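Have a look at the structure below before the remarks.
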Ligand SMILES: *Cc1c(COP(=O)(O)O)cnc(C)c1O
């Protein structure tokens, strides 16, 4: 996107109080810098090494979102600076994030990833697992659970996508009611192809790559 188009897009989301995470994976630092200069501060990456490299080169006030599948042995590499980890998909990973947060003397914001799609390859908790986990979050005092993240099935069937986002929104509201110890304010759902459906179903945060940066090679 060029500047004018980007600012219009960003404003349409700001008006709905939706946070735009610009997914910059595979894109060079110079491209990120261009959108930074347009005022964008939230960027998403899905590989730890790529994220740490870009973090070192780019301004300190960028809020870095880790949106990929996070391996436990890599948590330490991002624990000092990451703004929000979207893909917490196991209790063991949550435990490691809590441990590294303590080591870095900070609290780390996280989202619990929910498996809503048909695809067997997508990571995350199911509806029962997540409710069980949120009853035990006091075991992890240095993580701040802000909400849920999910990815819909890759399909052209809009009714199906809509149904998945709707279920995720309902689960979010249920968790928010149950876990009064945390400030549940973030529902991360929607990518380039399905963000409009996600917004209609209550998303508060969209993760957009291709639409902003163009296709990834
Ligand atoms: C790559 C990615 C996105 C962005 O995808 P686009 O289709 O390029 O908008 C969003 N969320 C996750 C988890 C991703 O890995």
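Please treat every number below as a calculation from the coordinates, not as lab data. Remember, it's a predicted structure, so these values are computed and weren't measured experimentally. When we count neighbours, we look across all protein chains shown, and the Cβ atoms used for this are built from the backbone with ideal geometry, even at glycine.
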Among the listed residues 111, 93, identify the single one that is within 16 Å of the ligand (Cβ to nearest atom) and more than 15 Å from the chain's Cα centre (by Cα).
93
If residue 193 meets every condition in (1) within 12 Å of the ligand (Cβ to nearest atom); (2) surrounded by fewer than 21 Cβ atoms within 10 Å (Cβ to Cβ); (3) in contact (Cβ under 8 Å) with a residue 60 or more places away in the chain apart from one, which number is that one?
(3)
Failed item, numbered, when residue 145 is tested on (1) exposed (fewer than 15 other Cβ atoms within 10 Å of the Cβ); (2) outside any helix (DSSP H, G or I); (3) more than 16 Å from the ligand (Cβ to nearest atom)
(1)
Tell me, which residue of region 45-65 that is surrounded by 23 or more Cβ atoms within 10 Å (Cβ to Cβ) and within 12 Å of the ligand (Cβ to nearest atom) is nearest to residue 186 (Cα to Cα)?
65
Restricting region 161-190 to residues that are in contact with a helix residue (DSSP H, G or I) (Cβ under 8 Å, 6 or more places away or on another chain) and either free of Cβ contacts under 8 Å to residues at least 24 places away in the same chain or outside any helix (DSSP H, G or I) (or both), the residue that is farthest from the ligand (Cβ to nearest atom)
181
Between a residue in region 6-27 that is free of Cβ contacts under 8 Å to residues at least 60 places away in the same chain and any residue that is within 14 Å of the ligand (Cβ to nearest atom), which pairs come within a Cβ distance under 6 Å, given they are 6 or more apart or on different chains?
10/20
Conditions: (1) under 23 Å from residue 74 (Cβ atoms); (2) within 12 Å of the ligand (Cβ to nearest atom); (3) surrounded by fewer than 20 Cβ atoms within 10 Å (Cβ to Cβ). Residue 151 meets all but one. Number of the miss?
(3)
